[in-house]
1. Name the residues in the range 107-128 that are free of Cβ contacts under 8 Å to residues at least 12 places away in the same chain and either surrounded by 14 or more Cβ atoms within 10 Å (Cβ to Cβ) or small (G, A, S) (or both), would you?
2. Take the residues of the range 204-213 that are surrounded by 16 or more Cβ atoms within 10 Å (Cβ to Cβ) and more than 6 Å from ligand 2 (Cβ to nearest atom): which is farthest from P75 (Cα to Cα)?
3. Please work out which residue is farthest from E227 (Cα to Cα), limiting yourself to the range 165-192 and to residues that are crowded, with 17+ Cβ neighbours inside 10 Å and charged (D, E, K, R).
4. If you scan the range 216-238, which residues turn out to be more than 9 Å from ligand 2 (Cβ to nearest atom) and closer than 20 Å to T186 by Cα?
5. Determine whether I145 is of a type outside the set (D, E, K, R), modelled with pLDDT of 95 or more and buried (at least 16 other Cβ atoms within 10 Å of the Cβ).
6. Restricting to the range 75-92, give me the number of residues that are in contact (Cβ under 8 Å) with a residue 40 or more places away in the chain and part of a helix (DSSP H, G or I).
7. Please name all residue pairs, on different chains or six or more residues apart, with Cβ atoms under 6 Å, provided the first residue is in the range 172-195 and is under 15 Å from Q213 (Cα atoms) and the second residue is within 14 Å of ligand 2 (Cβ to nearest atom) and among the basic types (K, R).
8. Give just the number: which of (1) more than 22 Å from Q201 (Cβ to Cβ); (2) exposed (fewer than 12 other Cβ atoms within 10 Å of the Cβ); (3) of a type outside the set (V, I, T) does P34 not satisfy?
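The values are calculated or read from the model by the stated rules, or taken from the named source; none is laboratory data. Remember, it's a predicted structure, so these values are computed and weren't measured experimentally. Quick reminder, even Gly has a Cβ in these numbers, built from the backbone with ideal geometry, and neighbours come from all protein chains shown.
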Amino acid sequence: MSNYYIKTNRTFTGIRRYGWLFTILVAVGGLWAPKLGLLVILIMLSLMITSFFTGRYWCGNYCPHGSLFDRIAMPVSLNRKIPEFLKSKYMITGFFIFFMFSFSIRIINALKSWGSHDFLDKLGFVFVTTYLMVLITGGLAAVFINPRTWCQFCPMGTIQKFTHKLGKISGITEKTEKKVTIEDKTKCLACGKCSRVCPFQLTPYLQFGEDNQFHDVNCIKCGTCVENCPVNVLSLKTKEDAIYMTKNGENKYQIEI
Ligand code: SF4
Ligand code: SF4
C-alpha cells in the first residue's frame, strides 16, 4: 500500500537547510568542549520570545533539531503516520514533567560546583547531554516513524505553547502571528495535499475557520502546505491581512505595490 504522507522539501531557507550543523556541534562537539552546551540557553530564550509573538514558528523555521529531522532524517525516514498516543495530552504532560524533573536535578547538581574552575563545563555538559539525548531519541523516531515524531511531545514545544498562550492573553499575537490562510474556501479542491505534506500531519483543509484561517496551536508555520497547494490558495497571514483578503479578494500588499 502506498504511503498517504508525501516526502517533500521543507527546508526553504539557509537556517532550515543547515541548522542541523548546530545540533551536531553541540551534541557531539560538546562532549569534548562542554561549554558549547551553554549556547542552548540562547536557544531556549529565543524560542520563548518567538512563541510569545507567533506560536510554534521556531519549530518550523529555526529549530536545529527540526532541521536535522527534516534535512538529514527525512530522506531515509519510513514517513509513517505518527501514533495518536504520542500526540495525546497524557504523553505531552507526562513527558514534560519527567523531562523537567530530571533536567532540574542535573542543573541543581551542576550549580553545586558554583565558583569552581570547572563550573561552566559542568553546567554546559547538562545541555550537551540533553541535546545528544534528543538527537538519538528524536533521530531514531524520525527514521523509524516520521521525521517530526519527537516534536509531538518535545518539552520545548510545550513551553512554546504555554508562552504562546500568554501572548494570546495579552492580545499581542492577534497582531503578530501569521497563520495558514486560505484565499477562498470554494477554490479548494479538497485534494488533501496540504495535509499529506504537513510535517505534523495536520489537516488545514478540513479546519479553516469562518475567518479562513487555520488555528491549530501545533502548526509550526513551516509553509510546506503553502508551497505545495496545487491551486496556490494558501498563504501565511496575520489576522488583519486575512480579514482584508477575505473582504477584498486580494492581497493588500499586491495592491499597494
Ligand atoms: S492542497 Fe490546496 S487545494 Fe488541496 S486540499 Fe489543501 S488547500 Fe485545498
Ligand atoms: S499546516 Fe502547513 S504551515 Fe502548519 S505545520 Fe502543517 S505544513 Fe506547516
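1. Once the filter is applied, which keeps residues that are free of Cβ contacts under 8 Å to residues at least 12 places away in the same chain and either surrounded by 14 or more Cβ atoms within 10 Å (Cβ to Cβ) or small (G, A, S) (or both), the range 107-128 yields S113, G115, S116, F119.
2. Residue satisfying both the conditions and the ranking: N212.
3. The selected residue is E177.
4. If the condition is that a residue be more than 9 Å from ligand 2 (Cβ to nearest atom) and closer than 20 Å to T186 by Cα, then C229, P230, V231, N232, V233, S235, K237 are the ones that fit.
5. For I145, the condition - of a type outside the set (D, E, K, R), modelled with pLDDT of 95 or more and buried (at least 16 other Cβ atoms within 10 Å of the Cβ) - is met.
6. Summing the residues that are in contact (Cβ under 8 Å) with a residue 40 or more places away in the chain and part of a helix (DSSP H, G or I) in the range 75-92 gives 6.
7. Matching pairs, first to second residue: K178/K237; T181/K237.
8. (2)
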